[in-house]
Every structure is written in C-alpha cells, then in structure tokens.
Amino acid sequence: MRLYNTLTRREEEFVPQEAGVVRMYACGPTVHDRFTIANARAFLTFDVLRRYLEFKGYKVLYTQNITDIEDRIIKKGEALGSSAQEVAERYTQAFFEDRELLGILPPTYQPRATEMVPKIIEFIQGLLERGFAYVVDGDVYFRVRRFKDYGKLSGKNLEELAAGASGRVEPDPRKEDPLDFALWKVAKPGEPAWDSPWGKGRPGWHIECSVMAQATLGTTLDIHGGGQDLIFPHHENELAQSEALTGRPLARFWVHNGLVMAGGQEMHKSLGNFEYARDVVARHGREAVRLFFLLRHYRKPMDFSHKALAEAQAAVERVYNFLEEIEAQGALAPTRAEPRSPAEQEFSAYLATVRAEFEREMDADLNTAGALGVLFELVRRTNTFMQETAPHDRSLLRRAGELIRELGRPLGLFQEEPKVRAKVTLSGRARIIAGAEEEIIAGNVEELINLLVEVRGELRAKGEFALADRIRARLNELGIELRDKEGGTRWRLRLKGKEQ
RNA sequence: GGCGGCGUAGCCAAGAGGUAAGGCCAGGGUCUGCAAAACCCUCAUACGCCGGUUCGAGUCCGGCCGCCGCCUCCA
C-alpha cells in the first residue's frame, strides 16, 4: 500500500518496521466538549486506515490519546462551577458515545493524559538532562534552537517563524527564545496540579502525545496521524521533543487528513460554523455520515452541507435496497445445476475481478472514493445482470452480495441487516433525542405501524383505495414510507434531511 | 511575505502520459389499482487560463488567474 507522507511530501510504499504489525498513533480529543463533524473526519479517517490495514492482514496496534487536562477544560469547569475532573470525565464518556454512533472502533490503547503524569515527568527530566529543556519559575520549556531538525515536518525555518511570531504574540520575556514551548506549566491557584521536581504544575500542550506514543507503542511509530491543522505546531513539537530525547525518528509515516469547511471557511468551534457529529448522525444516519466522508479523498479539504449528507443518504439506501433484494433472492430457490450461459460466465468473470479492483484503489493512498466507485459499479452491474439474464444462477447474486459485505467492512459500511435497519434507526434516534419514556414508546411504534399497514392491506383487497391511500399519505407525512411489493407491503423510516 | 493545497459535467467527486470512475439531481422507460419505492437507459470532443515537452497531457514543465489552509487555541 502507498501512503502520502507529510514528512517527505511524497507518496511512499508503506512497509511496517516489524513484519505483519503496524504501530499507529492518532490524535484524540481534548475532552472539553462534544466533538464536531469536522473532528469526526479525523477520527473516521484513521478508523478506516486501521480497518483497512487489518483487512490486509496486519495486526494493528493503535493508540489514541484522551487529553483530559488542558486550559479549556479548566475554563469550562470554572464556567459550570464544577471541577475540571468532572468536566473531563463527562466529555470522555460523551466521546465514547459519539464515537460509537459513528461506528468507529475503539483503539487498542486509549490512555488519558492524567494517567501519564509520572511518565511525563520522567520524559521531561530526560530532556533536561540532555540540555533540550530549561526551568523558569516552575515552568519547563523546550529549547527549540537546540534541536537542529526543528521545522522539518511543517516545512518551516526558524528565522521565518521568529519573524512571524514577533508581530503576533507578546514574547514571554522569561523564555530564552520566543519559539520555545512549554513542557510543564506551573500551577495557578485552584487549578489541578501534580507534584514534580519543579514544583506543583501540569503537563504542557504537546507532551502527552509523545509520552503516550512511547509508552504504548515504543520509540518509533509506523504511522502518526491527525488533522492537517495539527502539523504545526502540535506535531512539529511532538516530533522535536521525542526525537531530542531518543535520537530516533518518532514516526516513519506522518499522515494528515484535510479539513472540513463550512461557509467558505474552516469549520471551527471558535467561528461558530460547526455542528456536533452526533446531531448530524441523528439527522442523516451513521452510514450516510461515513459515506459522506469516504466519497472524498481524505487529504482534500471538503465542504460540509446537509445537501451533501442527503446525497450520501440516498446512496446508502441504494446499496441496502440492493442487499435486501439480493438476500431475498438468495433465499428463494436453489442454484441451478445446469452449465452456465455465456452471460453468466461473463458476469462470473467480472465478479472475480472486483476485490482486486477495490484493493488497488485503497492501496493508492487510501482512495476510498475510487474504491466506492468499484462497489457502486458492482451494484449496478449485478442489478442489470439480474434483470437481463433470466433465469440466472443465484449463487452469482449471492457472491455479489457477499462482496459488498466483505469490502464494506474496512470502510465500516454495509454491515447491517437490511430488514432490521428501521428498528435500529428508530431506537437509535430515540436514544439521541429523547429520554427513557420515548424509548419505551419507540419499542411499540413498530407494532403500531405494522397494524396500520395490515389494515390498509385489507382495504386494498376490498378495493377501498381512497381510505387506503389516506393511510399511506398520512404515514408518509410522519416519515414512514410504504412500498407495495409482490409479497406484501414493506415500510421503512425516512430520516430527516432528505427533503433538502 | 514564507510554506502547503485546491480549481474535472447542474451539484459533489475519482483519475495510473494513451484517449474522462462513481454518487446526487434531471430526462426517458419497466413495474404498479393509482402512487411511492426499486430497477434499467441517457446525461463532459471535455478537465481555471496561456504557453511548452511528447507520437500522445486533467495527468509532466513554466507563467498567469481564482479559492483555501498553516506561520505558536484547533481534529
């Protein structure tokens, strides 16, 4: 597989250090709030990379941090009149919930910054001993100019940085150089603090990632990931402090996903142009959100819009309609034992190429959009085959369905059972937008709908179409869609957002 | 100013120097009591503009135009 490496600014063949094992680290949340749909892109990108590496047979050791001590957490605690710890705990749990809503698999290791304080102190001491850090009034700073490779990841040089920084921020006169960054911050009154050789304080902004990566995965990672906005300063600083300490590369591949735009600008909390990921999932459904991202290359910037999400929703529906049809057909009758016709042979030969096509796209720097093109083509061609070649060998249809399932797995798509989707969606929404009472009602709603559908069916049988149509229209207004098929009437929920 | 990226049909989007994937919309059809849904078909002489290299260029090179990100809060 080839991956674009930010460090070399090239696509390179990815080979892990140890055969068959991938050590991967990706930046996780700072738990001061729920995460946005823009944050979701990063989490999802590395979820898919991880899933695909596993699909290819690698054992993936994946670490993601939870930063549970930071300025914004402390501020939020002050604003709410609760402790920073309470805020962090609350949003850590919220992170787990929202992650599950998106179908993101938990990493192998998920350390929290506050659990790592002794190791962080040890790490900083190592830097002090090597002359890469210095203490001022209980703060500890990293001596940027001492690390000669500083800027190699972000492509910056020290002179330009110094020139740029001088106009933008007040240089702290206690620092030897304006570019030096904090490894350890002295505690202010009332703030959470830990004992250290330099007095009471807390970790700086970048240190926890370096320490967690080393503690869980070792000195050199195969892949270090995150959003492009983290390249500088976060990852540059991580790289500097880790490599200064160990003398070894922190990561062989640096992988960065593109940003999410809204209204022509980067989506960001401070700009107010954001939406919470969970709200978008509630409105459009989990797989539509995943497809929305995976239909675009992970490194490109992309626009967020409900229109685009609704498009993804329609595309997801199409695949499930296909699976429903295929799996119903597959169950119907045994496969014919007769020799295959030329059309069947041709289709069979095509099916045999699909998996390789899919992998070829994914191997090209995780081209999920190209890979999805392969899957949609499979859907279309199978539908055509089903329609134009009759009778046909059903085992070929089954194989097509299996391919969608199998190749959908590394994308985290198309894994649900078509027949229970309405139910899953319903209870999922009830959980998101309402409390326990609604959840009980939600459990009965399905039966109520079935009852109405049944009554309407009897009316139709008697030719009383006016009343039957009224039931259908009223249910439709409620977001419940009826379809009269040969074997009876099926129904499904229509998620909001499609009306746009 | 420095560094990085982007500009492909109505919208979104992939693209391997060799003759434009895919999704959504739209139009036409099949099916249906009528619908809806589903499915099929159609839908870029063309890839921001101008030059160049090449037998051949969205794809490589140069210049220009437009948009975005980063340059110590950020996924």
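Every number here is computed from the coordinates shown, using simple stated rules; none is lab data. In this text the structure is predicted, and so the values were computed from the model without any measurement. With ideal geometry, Cβ positions are generated from the backbone for all residues, glycine too; neighbour counts draw on all protein chains shown.
Give, in nm to one decimal, the length gained when the segment between A:Phe376 and A:Leu451 is fully stretched (0.36 nm per residue of separation minus the Cα-Cα distance). If you can, show how the numbers build up before the last one.
Numbers: separation 75, 0.36 × 75 = 27.00 nm, distance 3.56 nm.
Computed gain between A:Phe376 and A:Leu451 is 23.4 nm.
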| With the calculation restricted to Cα positions, what are the radius of gyration and Dmax of chain A in angstrom? | 27.0, 90
| So how much slack lies between A:Ser270 and A:Lys300, counting 0.36 nm per residue of separation and subtracting their Cα-Cα distance, in nm? | 8.6 nm
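For region A:2-257, what class follows from the C-alpha gyration tensor (a ≥ b ≥ c being the square roots of its eigenvalues): rounded when a/c is under 1.5, otherwise prolate if a/b is larger than b/c, else oblate?
Details: a/c = 1.67, a/b = 1.17, b/c = 1.43.
Oblate.
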| note | By the mean-Cβ-within-10 Å protection proxy, highest first, A:247-258, A:305-316 rank as A:247-258, A:305-316
| Relative to the first principal axis of the alpha-carbon coordinates of chain A, what is the inclination of helix A:342-363, with its axis defined by its Cα atoms, in degrees from 0 to 90 and to the nearest 10? | 10
| query | How long is the gain from A:Glu129 to A:Glu176 if the chain were fully straight, where each residue apart is worth 0.36 nm and the alpha carbon distance is subtracted? | reply | 15.2 nm
| note | Cα-Cα longer than 29 Å, checked against A:Lys156/A:Lys185; A:Lys75/A:Lys307; A:Lys75/A:Lys175; A:Lys56/A:Lys300; A:Lys156/A:Lys300, kept in input order, equals A:Lys75/A:Lys307
| task | Classify region A:187-280 as rounded, prolate or oblate from the Cα gyration tensor: take a ≥ b ≥ c as the square roots of its eigenvalues, call it rounded if a/c is under 1.5, otherwise prolate when a/b beats b/c and oblate if not. | result | oblate
| Relative contact order for region A:23-97, counting Cα pairs under 8 Å that sit 6 or more residues apart, in percent | 44
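Could you order the peptides A:228-236, A:457-465 from most to least packed, using the average number of other C-beta atoms within 10 Å per residue? Display every interim value, and only then the final one.
On the way: A:228-236: 19.0, A:457-465: 12.1.
Per-residue Cβ counts within 10 Å, averaged per peptide and sorted highest first, yield A:228-236, A:457-465.
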| note | Using alpha-carbon positions, the gyration tensor of region A:344-422 gives root eigenvalues a ≥ b ≥ c; with a/c under 1.5 called rounded, otherwise prolate if a/b exceeds b/c, else oblate, the class is oblate
| field | FRET E, pair A:Arg405, A:Glu12, Förster distance 51 Å, beta-carbon r, rounded to 0.05 | value | 0.95
| field | Label-to-label distance, nm, for residues given as A:Ala314 and A:Arg355 (7 Å Cα→Cβ offset) | value | 3.3
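Excluding A:Leu239 itself, calculate the net charge of residues whose Cβ lies under 11 Å from the Cβ of A:Leu239, where each Lys or Arg counts +1 and each Asp or Glu counts -1.
Working: positive: A:Lys152; negative: A:Asp149, A:Glu236, A:Glu238, A:Glu243.
Value of the local net charge: -3.
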| Hey, what did chain A get for relative contact order, percent, Cα under 8 Å, at least 6 apart? | 16
| note | Given Cβ charges of +1 for Lys and Arg and -1 for Asp and Glu, the option among A:Ile120, A:His268, A:Ala310 whose Cα lies farthest towards the positive end of the dipole of chain A is A:Ala310
| Percent of beta bridges antiparallel (DSSP, chain A, rounded to nearest 5) | 55
| Given a cut-off of under 8 Å on Cα pairs at least six residues apart, what relative contact order in percent is computed for region A:184-273? | 24
| Does anyone have the angle between helix A:236-246 and the longest principal axis of chain A? Alpha-carbon axes, 0 to 90°, nearest 10? | 60
| remark: If R0 = 25 Å, then A:Gln85 and A:Val21, at their Cβ-Cβ distance, give a FRET efficiency to the nearest 0.05 of 0.10
| request: Check cross-link reach from A:Lys152 to the aspartates and glutamates: straight Cα distance under 14 Å, and skip same-chain residues fewer than eight apart. | output: A:Glu160, A:Glu236, A:Glu238, A:Glu243
| query | To the nearest 10 degrees, how steeply does helix A:207-217 sit against the main Cα axis of chain A, on a 0 to 90 scale? | reply | 60
